[in-house]
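Trainee: Structure provided below as structure tokens; questions to follow.
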Amino acid sequence: MTRLNLGNLDRALRILVGLALIALAMFGTIGAWGYIGIVPLLTGAVAMCPLYRLLGISTTSR
């Protein structure tokens, strides 16, 4: 089992930022690069960030 490394605040912020970027891209405000919001959305949804794991960072109290 993969160890979770994102705390609740970190997860919520990632999900909000991801949704905002995707919405802005869908409405043509910031262009297609806004679909990069999929990355923070997915990492927030699964509570695991591969980059945090490589750097040894964890924002969770578990």
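Trainee: Among the residues of region 22-39, write down those that are farther than 19 Å from Leu55 by Cα and assigned to a helix (DSSP H, G or I).
Mentor: Ile22, Ala23, Leu24, Ala25, Met26, Ala32, Trp33, Gly34, Tyr35, Ile36, Gly37, Ile38
Trainee: Now a separate question. Which ones in region 46-62 are of a type outside the set (Ser, Thr, Tyr) and either touching a residue at least 60 places away in the same chain (Cβ under 8 Å) or surrounded by 15 or more Cβ atoms within 10 Å (Cβ to Cβ) (or both)?
Mentor: Ala47, Met48, Cys49
Trainee: Test of understanding: among Leu19, Leu4, Leu42, which residue is of a type outside the set (Phe, Trp, Tyr), touching a residue at least 12 places away in the same chain (Cβ under 8 Å) and in a loop (DSSP other than H, G, I, E, B)?
Mentor: Leu4 is the lone residue from the list that is of a type outside the set (Phe, Trp, Tyr), touching a residue at least 12 places away in the same chain (Cβ under 8 Å) and in a loop (DSSP other than H, G, I, E, B).
Trainee: Look at Arg53 and say whether it is modelled with pLDDT under 95 and part of a helix (DSSP H, G or I).
Mentor: The answer is yes for Arg53.
Trainee: Please go through (1) assigned to a loop (DSSP other than H, G, I, E, B); (2) touching a Gly at 6+ places or on another chain (Cβ under 9 Å); (3) not hydrophobic (A, V, I, L, M, F, W, C) for Arg11 and return the number of the only condition it doesn't satisfy.
Mentor: Among (1) assigned to a loop (DSSP other than H, G, I, E, B); (2) touching a Gly at 6+ places or on another chain (Cβ under 9 Å); (3) not hydrophobic (A, V, I, L, M, F, W, C), the lone unmet condition for Arg11 is (1).
Trainee: Then there's this: Scan Arg3, Arg53, Arg14 and give me the residue that is under 9 Å from the mean Cα position of the chain (by Cα) and basic (Lys, Arg).
Mentor: Arg14
The values are calculated or read from the model by the stated rules, or taken from the named source; none is laboratory data. Keep in mind that this is a model prediction, so the values were computed, not measured. With ideal geometry, Cβ positions are generated from the backbone for all residues, glycine too; neighbour counts draw on all protein chains shown.
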